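Here is the structure we will look at, set down as structure tokens.
FYI, it's all coordinate maths here, none of it is from the lab. What you are looking at is a predicted structure, and each value in this text was computed from that prediction instead of being measured. Backbone-built Cβ (ideal geometry, glycine too); neighbour counts: all protein chains shown.
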Amino acid sequence: MYEHDVIVVGAGGAGLRAAIAAQEAGADVAMVSKLHPVRSHTGAAEGGINAALRDADSWEDHAYDTMKGSDYLGDAPAVEALCRESPEEVIRLEHWGMPFSREDDGRVSQRPFGGLSFPRTTYAGAETGHQMLHTMYEQVVKRGITVYDEWHVMDLAVTDEDDPADRTCHGVVGYDIQTGEVSGFRAENGVILATGGMGQVFDHTTNAVANTGDGVAMAYRAGVPMEDMEFIQFHPTTLPSTGVLISEGVRGEGGILYNSEGERFMFEHGYANNDGELASRDVVSRAELTEVNEGRGIEDEYVHLDMRHLGEERILDRLENILHLAEDFEGADGLTEPMPVKPGQHYAMGGIETNEHGETVIDGLYAAGECACASVHGANRLGGNALPELIVFGKRAGRHAAGEDMGEAEIETGRSGDWEPADYEFEVEVGETGGRGPAAADGGAVATDADGVLAAAVDRAQERVETLLARSGRNHAEIRSKVQKTMTDNVNVFREEPGLKETLSDLREAREEYQDVAVSDPSRTFNTDLIHTMETRNILDIAEALTMGALARREFRGAHWRKENQIRDDENWLKHTLVSWNDGEPELWYKPVILEGENKEYEPKNRSY
Amino acid sequence: MSTQIPQQTDESSETETEPEAASKGEERRAEKRRRAAEERERRQAEEAEKAAADEETVELKVFRYDPEIEGKQEPRFDTFHVPFTKGMTVLDALMYSRDTYDSSLTFRHSCRQAVCGSDAMFVNGGQKLACKTQIADLEQPVRVEPLPHADVRKDLVVDMEHFYEQMEAVEPYFQTNEYPDGELEEQRQTRENREKVKMSTRCIWCSACMSSCNIAAGDNEYLGPAAINKAYRFAMDEREGEEIKQKRLEIIEQEHGVWRCQTQFSCTEVCPKDIPLTEHIQELKREAVKNNLKFW
């Protein structure tokens, strides 16, 4: 068993920042990650970090843009924390040596991004995430923070009270990928989940193969509600054959979208008469697919993104990485021809329900970054708002977990305040196959002390590993691809009831197949077959919660579009969707959005660009 | 160049004694392995037939090794036939082989877009990132091996610890003695200076350069191209200031530092991010000489 004050699960942007903050606040902190930190997918972020750094700008404007971008499903206390603290966090990165792009006067550059009223996106070429990830890992090395890399966290060690709000998290169970050892990691103060995205739920995604939403699924099964899971961002410019991301920075610098007729459709077909290509991401993605669906796509699949007119010098200075990506992964030369692009899964706005300190409803369990939902992005995330979320909420969760007093949070978690049950009946069974199991946390009923809870969790994990290795059965890969396919077919940019229902029953089938899953590689050394098999369970649980939310929410808000009700329906739907695992029998419920900021109320307005 | 398998005389006897307690499980597993092997052979035979009939199939010869699995303790090559699709990379072909024929085929990979640095391998005799190497550009059969000059853990996975230690030996973090006064005040950096360090900041820690370097192969303590490049990234960054630069030059001038480099350019040739590693090492040598003259 390993023991630390604070355990951070995941070592991307949010995890690294959380670890640094916890250590600065005096905690003995360790990171546990299935990848070495520099392999994390934060490194693939391209565009930039929104921060109101300049006199002509203000954090209040940034907050206004973010609330509008969220289609009024962001919670004001979280949004305001993000916008208020992003500038100091960006400057801190600069002080840690991050190589930002520069202006002639030597100050960091900022560029326009979609949905922003001021060019406040700070960047380092088109490789901002790579530079941010490496800069923060350098700080972790400098501080000598312990990193258990290539340890896959299998589960949380949580007590098993009936009400999740009474439960406590005492640590995690890790599986050492190099040796096959299963071991407990005891966290004296807290566990911070920073496991990133869940893009592998879909088959055309900008996310890494490792982005299987492990932390999200673990928290869900332990009793933490999943918030706004139906809100998935489909990025309008991904390469058709691989899903590799082409940064919004291309459009920020002046790149133009054309259909097969050579029309600049964002304007010519009236999708966004003011902002054109720089409208919010959901708007542009729907526009592209509408063009393709109406026969104006190229090869019936994609549209063109043209940046040739920007000139070689500007492209090389600010977007060089894009040239390499288009060349290596699509065979297109961005200097001499337009690049083919289509929408692809990019980001999950929803996730583990937290307050603005990163706390979940379970005592001692935190979440930060893409896996968490505070919520700052609501129904749609603005470009350039993901990276500041990592550093602002990573820092906040780290400090709080280390015991710093941050005052009472304004956002309530769990079923407190004005929550309401959903009156939606799902036609297929959802949740654990065979109905309600033992309490997900399942402390074995006897264990109440921290060490006992952890030891019981380790035993269960060990048993699971032995079972998967010993029995014969189905390989997980076909189950995973079945889930990815049905999600991409029906829970995509355009959603309608029959398709969503079909997916829910496909998922049921996949769940039943997963009952017979087995690992054919018997090795204890670097058994990726085993790791992927465990990840596929996480993908299943997440896909189901996501589809449940998508079915129930009959309106069009931000990234979520429903054929049956193509308007934003504030009267009925100005509220968060929550799904609780409920020990294997998932339940859907709602809670109000907080539009009340520190000094102002954010009045829902028509979101036009 | 040779692929290094760790010494394992003791280990193999250990793995033989361990399973006694779980003999039933062992039997089941053995049975399972037999069946899995049969299934694999059947599918492979099908693909081989297809291959004979259809030219659009890629033949991969993949290095296999597992220290604890009978039949894999002696390194061998397995052949996989993969249906070719336009734009297919070596990583795509490996993933197809794993998901279709043999789920125990093991390799590191994550981002699929040449930024996480997980999948550097030895492909047809050269260090490459599997995800950005097009099958169409390679001669067949495509031979895929783990990176040379590193201990193999299993199949295509090598031990990265030594590489990480060298990276961390050069104080790979920003240092300065003076920050601007205002709390929200950034340090100034000229565009030219940012441009100067730009290529060096692109390193993704894939270790292809280290694997290609003859000097690193012969001198285990040599910092190697990636670590020296990391030192360059900071030494050339004007924000750190002269005093820190002094310290950085001392680090790279140590016995196993820049002077070991014999400018063979192998690191520069294999770098998937096109970092001019040899030039950076040469420039640090020049800086060091200038610096030494200054105090002479």
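Just flag the trypsin sites (Lys or Arg not before Pro) in segment B:84-169 sitting in loop per DSSP whose Cβ has no more than 11 other Cβ atoms within 10 Å.
Hits after loop and neighbour filter: B:K86.
Exposure proxy check: A:F426, A:F556 ranked by fewest other beta carbons within 10 Å? Walk me through the numbers on the way to the answer.
On the way: A:F426 18, A:F556 22.
By the 10 Å Cβ count, ascending: A:F426, A:F556.
Mind checking the mean number of beta-carbon atoms from other chains within 10 Å of the Cβ atoms in B:153-164?
Going residue by residue through B:153-164 and averaging, the value is 3.
Return the average number of partner chain Cβ atoms within 10 angstrom of each residue Cβ along peptide B:97-109. Let's see the in-between values first.
Working: counts 0, 5, 7, 3, 0, 3, 13, 10, 3, 7, 2, 8, 5.
Mean inter-chain Cβ contacts per residue within 10 Å come to 5.
Between the alpha-carbon centers of segment A:4-48 and segment B:256-296, tell me the distance in whole angstrom.
32
Counting only other chains, what is the mean number of Cβ atoms within 10 angstrom of the Cβ of each residue in peptide A:514-527? Working shown, then result.
Numbers: counts 0, 0, 0, 0, 3, 3, 11, 11, 13, 9, 6, 11, 10, 5.
Per-residue shielding by partner chains comes out at 6.
Can you order the peptides A:452-460, B:251-259 by their average number of other Cβ atoms within 10 Å per residue, highest first? Working shown, then result.
On the way: A:452-460: 21.2, B:251-259: 17.8.
Put in order of decreasing packing, that is A:452-460, B:251-259.
Where a Cα-Cα gap under 18 Å defines reach, which lysines qualify for A:K605, not counting those fewer than 8 residues away within the same chain?
The qualifying lysines are A:K68, A:K575.
Helix-only mean residue ellipticity at 222 nm, chain B, DSSP H runs n ≥ 4 weighted -39,500 (n - 2.57), per residue, nearest 500. What is it? Mind dumping the intermediate values first?
On the way: 11 runs with 122 residues, N = 296.
My calculation for chain B gives -12500 deg cm²/dmol from helical runs alone.
So the label point goes 7 Å from the Cα of A:W419 along Cα→C-beta, right? Which residues of segment A:355-372 then have their backbone N under 15 Å from it?
A:355, A:360-363
Taking a 23 Å limit on the Cα-Cα distance, which of the listed pairs B:K128/B:K247; A:K485/B:K86; B:K61/B:K132; B:K230/B:K290; A:K482/B:K154 fall beyond it?
On the way: B:K128/B:K247 34 Å; A:K485/B:K86 21 Å; B:K61/B:K132 18 Å; B:K230/B:K290 20 Å; A:K482/B:K154 29 Å.
Exceeds cut-off: B:K128/B:K247; A:K482/B:K154.
Please turn the phi angles of segment A:383-388 into ³J(HN,Hα) values with the Karplus equation 6.51 cos²θ - 1.76 cosθ + 1.60 (θ = phi - 60°), one per residue in order, whole Hz, x for glycine and proline.
x, x, 9, 7, 5, x
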